[in-house]
Structures are given as structure tokens and as C-alpha cells.
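Reading through the C-alpha cells given below for one structure.
The values are calculated or read from the model by the stated rules, or taken from the named source; none is laboratory data. Owing to the predicted nature of the structure, the values given are computational and were not obtained by experimental measurement. Ideal geometry is used to build each Cβ from the backbone, glycine not excepted, and the neighbour counts take in all protein chains shown. These accessible areas exclude ligands, DNA and RNA; they are computed on the full protein's heavy atoms, side chains included. Shrake-Rupley method; radii C 1.70, N 1.55, O 1.52, S 1.80 Å.
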Amino acid sequence: MERMAPAGQWTILVVASLILGIIFQTFHVPAALLLGPMIVGVVMGLLGASVRIHPLFFKISQGVLGCMIAQSLSPSILPPLLNDWPLVLMVLVATLLASGLSGWLLVRFSQLPGPTGAWGSSPGGASAMVAMAGDFGADVRLVAFMQYLRVLFVATAAAFVARMAMGDSASLAAAVVWFPPLTWRFFATLFLAVAGVWLGPRLRIPSGALLLPAIVGAILHSTGTVTLEVPEWLLAMAYTLIGWSVGLRFTRPIFKLALRTLPQMIASIIGLMLICGGMAWVLTKLLGVDMLTAYLATSPGGLDTVAIIAAGSHADLGFVMAMQTLRLITILATGPAMARFISRSAVPASSSS
């Protein structure tokens, strides 16, 4: 496929993503317009496709997603978190310890360098982890592969869990209005998304392209200052671009580089997902939230992909985003110390024998 002209690659990417997305939507798979393009992107990336999504379009898509999230955030999500802060803190600490254990075992029983295993196992925002990893001596290529491999696993598993939880009610969803009439509020929403993309890096806010529009938009939306408008066609474009951005990162050279430690990577991802699933079960028993919301709130995937799946299901998007954002902040604050600890203590088994 690497010998094919870019126009041909784009054509295949668009047509195949459209077909797979429609098939997923027909079977009421949550986040169909994310998973379809993501899977097509993975296949094309491994086949040698050279086309890529420009980082600016990826960031703008995150900004649009942030505005969508803002419509579901309100002050009502804070009391449950504040009233049960010991439980919330316990979940955050348990996630941190689980990711640390996952990274330690991965370095111990593979050939990965300590910093690479530590940052690749951190369940924060994938793009933020990749951006920070290079500053601490990690192989950014392998960190990116591990992060987005986990995103792929988590997104697929979360969509499956969401579909099972929704059951027959998935087919009873209200008809989607793809092209509603636009007002000045749409352009204000678009301005907010672009402003988040511009301000995020300048304020050094990890995942700022998503979090800034989500937080500022939630204040504007909940107070009635500006009612945000995010039409379905714009969301579909954002979902597709995010799916392509993730999928096309799975290139053949990086896959070959990671092949020797791929079984250990997959084992660490599945182990972390199972631990987080166990914590979700604890949340349902102690906090009273439904299993789907708890599962998405504790899933160790990318902030954007989990939000898309939550929005396409019956989960409490506000609670999910609050928990995911708190975990991202916790991981960012403790990540460097965790990477140093794993680098010093996790001596590979092959070198210690």
C-alpha cells in the first residue's frame, strides 16, 4: 500500500471507514463512528499506508469533543465526588498502584527500558503521556505504540460492554438529526473549541485542547450564558478524525520494533483492564452508580475515546469525565516519580539471572 498514491489511500480510508461505521451503527455499536475509522486506520497503517492526520485537525477534533462534553457537565456531579471523597481517592490511588505494578512487571519480564515501560503503562491521556515520555529518557515510539494499543483494547472492550449494558434499548434510541439549522451559538461553540486548541499548549495544560473547552463550556452552558451547539455532523467528523489519528499510528516499523515484547504488552494491558474493572464493581456497590458508568469512569483508556463511548451510551457522562480527569491529573503529577522508581527497581529477569 505504501506504493499507492495518497489520493488512492485517502479514498480507501474514507470509503472503508464509512462502510464499517455504517455496519457498526446498524448493529447499534456505541461510538461506531470512532471504532470503524480506528479499525480501518490500524489495518491500513500496518499495510504501509503513508497518509496521516495533521496534528491540528486532531486537536480541533478534541476541542469539538470538549464542547460536547461540556453540555453534560454541571455542578450536580460535584456533590457525589465530594461526599464520597475517600472512595474516590481510593480508586485513584488503586489505579496509580495498578499502573505502577503493570509497568514494573512489564520491565521485569521484557526487554523494555524502565522509563519506556513506566510511561507506556500510565493510564492517563495517551497524547499527554507520549508528550512527556521523551523528557524522561523513554523511547517515544514504543510509548506511543503501548498507549494507543491500550486505547484500542479499551475502546473495543468499552464499546462491547456498553452494547451489552444497553441491550434492546439500543435500538430504541431517538432518531438523530444530522443537519439541524445553525445559529450564532454554533459559531460561538466552534470558537470555543479552536480557542482551547490555541490556549492549551500555551498554558501547558495536558490534554488542554479537550479539557479547556469542556470546563469553560460547562460554565457557560450550565449558567445559561451560552447554549452550546454541537451538531451531529460535526461530532461525526471529530470522531472519525480521532479514530484515524489513533489507528494510523500503528505503522509496520513500530509494530516490528514492539513485536518482541508484544505478548508482555498485551498481558499488562489486559491485567490493568481487569483491575480497573474490579474497581468499577466496587464503585457500583459503594457509590450506587450503574456498572456501565463505573466501568467507563475507571477504564484506563484515552480521555477522548472513553468520552465518545460514554456519550453514545446510557452512561453518566459527567461522572465519567470527572473521574477520568481526576485520574489524568493524578498520573501527571506522579508519573515522573513512578518512572524513576520503576527504572531503578525493575531489573529485567534476563539480566539478573
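General observations
- Phi to ³J(HN,Hα) by Karplus 6.51 cos²θ - 1.76 cosθ + 1.60 over the stretch 152-160, Hz, x for Gly, Pro: 4, 4, 5, 4, 5, 5, 5, 5, 5
- Choice from Leu317, Leu81, Leu152 showing the highest fluctuation, given a GNM over the chain with Cα pairs closer than 10 Å: Leu81
- Accessible surface area normalised per residue over the stretch 1-97 is 50 Å², counting heavy atoms of protein chains with a 1.4 Å rolling probe.
- Longest site-free stretch - the chain; sites: chymotrypsin sites (Phe, Trp or Tyr not before Pro), DSSP loop, at most 15 other Cβ within 10 Å: 179-353
- Tensor-based shape of the chain (alpha-carbon gyration tensor, a/c under 1.5 rounded, otherwise prolate or oblate): oblate
- GNM result for the chain, Cα springs below 10 Å: residue of Arg150, Arg327, Arg204 fluctuating most strongly: Arg204
- Label separation (Ile22 vs Leu78): 4.7 nm, computed from points 7 Å beyond Cα along the C-beta direction.
- Rolled with a 1.4 Å probe across the full set of protein chains, the surface gives Val226 an accessible area near 20 Å².
- Apportionment of accessible area to carbon and sulfur, the chain, percent (1.4 Å): 72
- Karplus-based coupling profile of the stretch 320-337, in residue order and whole Hz: 4, 5, 4, 5, 5, 5, 4, 5, 4, 4, 4, 5, 5, 6, 9, x, x, 5, with θ = phi - 60° in 6.51 cos²θ - 1.76 cosθ + 1.60 and x standing for Gly or Pro.
- Per-residue SASA remark: Asp139, around 40 Å² accessible (1.4 Å probe; ligands, DNA and RNA not included).
- Residue-normalised accessible area of the stretch 230-353, expressed per residue, 1.4 Å probe, Å²: 39
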